[in-house]
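What follows is a short report on a single structure.
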Amino acid sequence: MTPLAVVGNLSRDEIAGEQPRAGGGPYHCARALRLVSERSKIVARAGDPSLFRPLVALGVPVTRVPGTATSGFAFHYEGDVRIMTVTELGDTWGPETAKLLEPGGWVHVAPLARSDFPAETLAAYAQKGRRLSFDGQGLVRPARTGPLELDADYDPELLRHVSILKLAEEEAAVLGDLSALDVPEIVVTHGTRGCHVRFGGRVEHVSARGLDVDPTGAGDMFSAAYMAARAGRQSPLAAARRASNVVAEVLAGL
């Protein structure tokens, strides 16, 4: 099977005033990858070493990158809408970290802010036949602390080497005309209302199973499962259906 990797900063999340817990793309992607891929790994970074314990406990191989800062968020939900404050920014990943990735594999890049992965780093990741999936948080989340306010002031070079772009619906709304983005596949998730997949000039809807549970990390789980299905040569629509089912299984505790 094609090797898969998820790269990103772990975060310290405070949800609705509860005790802080591990979060970020690497953690939530691993929750899905342990169900769908035997040849995957997580490449994660954080200044707080305690955040690696729950990640390692999931059983997906982890490559730990030393960090000097730890991404931090405080948030709560109003229905499907997440209200978020950025309490700390994480480290920036440089092009030299490409050496941690296998040639010819699929890589999901999971930024938490626009400063996490510069364009030159994505260019390095795309070398040696790798295919990149990218979370749209790295386009629309400015690199500043305080109440999270999305904007579209991103470097277009970020998308030059991206094969799959995953967006939440609020991120898609900020970006506007998605057909103007030069990305072969774009998936927009709508929480319990499923997702839309844009590929080959088509836009298709895939439904989701609604669950009355904490949805934190569902978007990251979707990205990991979608990437795994596409790496397994499933079509974009089949991959979206598979990813939606995996998210439901993880959230239901199956």
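The values are calculated or read from the model by the stated rules, or taken from the named source; none is laboratory data. None of the values given here were measured: they were computed from a predicted structure. Using ideal geometry, Cβ is built from the backbone for each residue, glycine included, and neighbour counts are taken over all protein chains shown.
Details
- Hits in region 47-73 (condition: crowded, with 17+ Cβ neighbours inside 10 Å, under 30 Å from Thr192 (Cβ atoms) and among the small types (Gly, Ala, Ser)): Ser71, Gly72
- Close pairs from region 63-78: first within 11 Å of Leu10 (Cβ to Cβ), partner surrounded by 15 or more Cβ atoms within 10 Å (Cβ to Cβ) and polar (S, T, N, Q), Cβ under 6 Å, at least 6 apart: Ser71/Asn9; Ser71/Ser11; Gly72/Thr87
- Residues located in region 148-181, provided they are assigned to a helix (DSSP H, G or I) and either closer than 16 Å to Arg114 by Cβ or in contact (Cβ under 8 Å) with a residue 12 or more places away in the chain (or both): Pro156, Glu157, Leu158, Leu159, Glu169, Glu170, Glu171, Ala172, Val174, Leu175, Leu178, Ser179
- Region 73-85, subset in a strand (DSSP E or B) and in contact with a Pro (Cβ under 8 Å, 6 or more places away or on another chain), residue modelled with the highest pLDDT: Thr85
- Top-ranked residue in region 187-240 [being aliphatic (A, V, I, L, M) and under 20 Å from Pro111 (Cα atoms); ranked as modelled with the lowest pLDDT]: Ala218
- Note on region 2-25: among residues that are more than 12 Å from Ser71 (Cα to Cα) and among the hydrophobic types (A, V, I, L, M, F, W, C), the one that is surrounded by the fewest Cβ atoms within 10 Å (Cβ to Cβ) is Ala16.
- Among the residues here, Arg64 does not qualify as touching a Leu at 6+ places or on another chain (Cβ under 8 Å), more than 22 Å from Glu171 (Cβ to Cβ), in a strand (DSSP E or B) and basic (Lys, Arg).
- Test: residue in region 24-42 that is closer than 22 Å to Leu175 by Cα, touching a residue at least 40 places away in the same chain (Cβ under 8 Å) and in a helix (DSSP H, G or I): yes
- Output for region 35-58, where each listed residue is of a type in the set (Lys, Arg) and at pLDDT below 95: Arg39
- Residue selected from region 213-241 under the condition closer than 30 Å to Glu14 by Cα and part of a loop (DSSP other than H, G, I, E, B), by the criterion nearest to the chain's Cα centre (by Cα): Gly217
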